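The values are calculated or read from the model by the stated rules, or taken from the named source; none is laboratory data. What you see is a predicted model; the values in this text were computed from it and never measured. Neighbour counts are summed over all protein chains in view; Cβ atoms, including those assigned to glycine, are modelled from backbone coordinates with ideal geometry. Please note that ligands, DNA and RNA were not included when accessible areas were found on the heavy atoms of the full protein model with its side chains. Shrake-Rupley method; radii C 1.70, N 1.55, O 1.52, S 1.80 Å.
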Amino acid sequence: MSDQLRACAPGSAEGPAAPYDALLLLSFGGPEGPDDVVPFLENVTRGRGIPRERLKEVGQHYFGFGGVSPINGQNRELLDALRKDFAGHGLDLPVYWGNRNWAPYLNDVMREMAADGRRRIAVLATSAYASYSGCRQYRENLADALALLVEEGVAEADLPKVDKLRHYFNHPGFVQPMIDGVLNSLAALPGEVRAGAHLAFTTHSIPNAAADTSGPVEDHTANGEGGAYVKQHLDVAKLIADAVRAETGAELPWELVYQSRSGAPHIPWLEPDICDHLEALHAAGAPAVVMVPIGFVSDHMEVLYDLDTEATAKAAELGLPIARSATVGADPRFAAAVRDLVLERAAAERGEAVERCALGLLGASHDLCAVGCCPARGPRPAAAGVDSPYV
């Protein structure tokens, strides 16, 4: 472990969680059987007018895994890890779980939390970076759930207050497990290609326009430069590459690449795609590649299919040795990092001085999203931000 990682160790925060009386794990959701696949995709694409037959085609990679996305099972493992970590450190904070697109649905869980008397809720989204779909949209989902409670008769004065925890892309409890994953993957490569392996840091491609307006307004860019979304991923990639060099003594070439594009072909999205990148590396004579899915918290469908299936098949076609490093998942260090984030934010809400744990060049992210941060295509209320209608 580097001196920087030692100085900012995960799990170092101790103290009460007040004013918070619950933590909500907020995620994307996924089908848990063949009959769930098309209804799940209808939820994901609602409002886009995509025909049901097209959704059946899109769902084929789910059917290849028995119609089950691993994300819900992985969230259950993370819930268990969080509860064990909290209990082991005397933190009496109940943990709930709600999804955007599948059961347990966020609306139902917010209803349950309100009935349980929860009035101040910290929210952990299973997305570590700034973007519309990874941050602002979750804030819109929270606002929708609170509006539904009002429609159902809950007085606005009695609504739970929700605070989304800051982006944790550069917290050591998120970074260190990925460093270990790369080191393990390198060790699994044949010895004769290991020292020259390339690192392909992968994340979800998003439209250039969404990338350019990701993060606060001061981070917005133009012409596909990528805004905070790209900047944050590059910072994490460099952290990992530097740590691997310090551990192995090898300066491995690396690049940030993208996967899982799902938009219309005429709309520019972040590139290069991982499969195109593998072809380019092979043509340039790269001896091996380690794919490092830094954009994903767990090994859900986009990791298992787009990397472990499609990209791995492309590498086999090329005769290119390849490995895929692990995501963070329910690693105890990540659970400890979540505890850090909760206690850090709780102290800040109590008006106490806070030392925030962050690695790299960008520092700790903001607590409250500002006006104009990761904007949507049209105006929609969003909770847990400066412009929240629920304070």
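Give me the one-decimal nm value for the distance between modelled label points at Glu355 and Ala115, 7 Å along each residue's Cα-to-Cβ direction. Simple spin-label model gives 4.4 nm for this pair. At a temperature of 10 °C and a viscosity of 1.306 mPa s, determine how fast region 273-380 diffuses translationally according to Stokes-Einstein, using the Kirkwood radius over alpha-carbon pairs as Rh; express D in µm²/s, rounded to the nearest whole number. For these conditions, the coefficient is 91 µm²/s. The value of relative contact order for region 15-88, using C-alpha pairs under 8 Å at least six residues apart, is 38 percent. For a paramagnetic label modelled on Asp80 (point 7 Å from Cα along Cα→Cβ), amide N atoms under 18 Å away belong, within region 287-312, to 298-300. Excluding residues fewer than 8 places away in the same chain, name every one of the aspartates and glutamates whose C-alpha is closer than 17 Å to that of Lys238. Of all the aspartates and glutamates, those that pass the test against Lys238 - Cα under 17 Å, at least 8 places apart if same chain - are Asp3, Asp180, Glu247, Glu251, Glu255.
Applying a DSSP loop filter and a limit of 13 other Cβ atoms within 10 Å to the GluC sites (Glu not before Pro) in region 195-279 leaves Glu225, Glu251.
What does the accessible area per residue of region 115-247 come to in Å², with a 1.4 Å probe and no ligands, DNA or RNA counted? Don't skip to the answer; put the middle values down first.
Working: 4490 Å² over 133 residues.
Solvent-accessible surface per residue comes out at 34 Å².
At a 1.4 Å probe, what is the % contribution of carbon and sulfur to the accessible area of region 324-391? The nonpolar share, carbon plus sulfur, comes to 56 percent.
Straight-line reach from Lys161: taking Cα to Cα under 15 Å and skipping same-chain neighbours fewer than 8 places apart, the aspartates and glutamates in range are Asp21, Glu112, Asp116, Glu140, Asp144, Glu349, Asp367, Asp387. Got a sec? Which residues in region 359-391 would a label at Val217 touch, if it sits 7 Å along Cα→Cβ and we count backbone N under 16 Å? Those under the cut-off are 369-376, 379, 386-388. With the Kirkwood sum run over all distinct C-alpha pairs, region 1-140 has a hydrodynamic radius of 17.2 Å.
Phi angles across region 198-210 convert, under the Karplus curve 6.51 cos²θ - 1.76 cosθ + 1.60 with θ = phi - 60°, into 3J(HN,Hα) values of 9, 9, 10, 7, 10, 8, 5, 5, 9, x, 3, 5, 6 Hz, Gly and Pro given as x.
Return the carbon/sulfur percentage of the accessible area of region 182-231, one whole number, probe 1.4 Å, all protein chains in place.
Numbers: 1090 of 2030 Å².
On region 182-231, the fraction of accessible area on carbon and sulfur atoms equals 54 percent.
For n ≥ 4 DSSP H runs only, could you compute -39500 (n - 2.57) per run for the chain, divide by its residues and tell me the 222 nm figure to the nearest 500?
Values: 15 runs with 154 residues, N = 391.
Helix contribution divided over all residues of the chain: -11500 deg cm²/dmol.
Tell me the label-point distance for the pair Arg261, Val150, using the 7 Å Cα-to-Cβ offset, in nm and rounded to one decimal. It is 4.1 nm.
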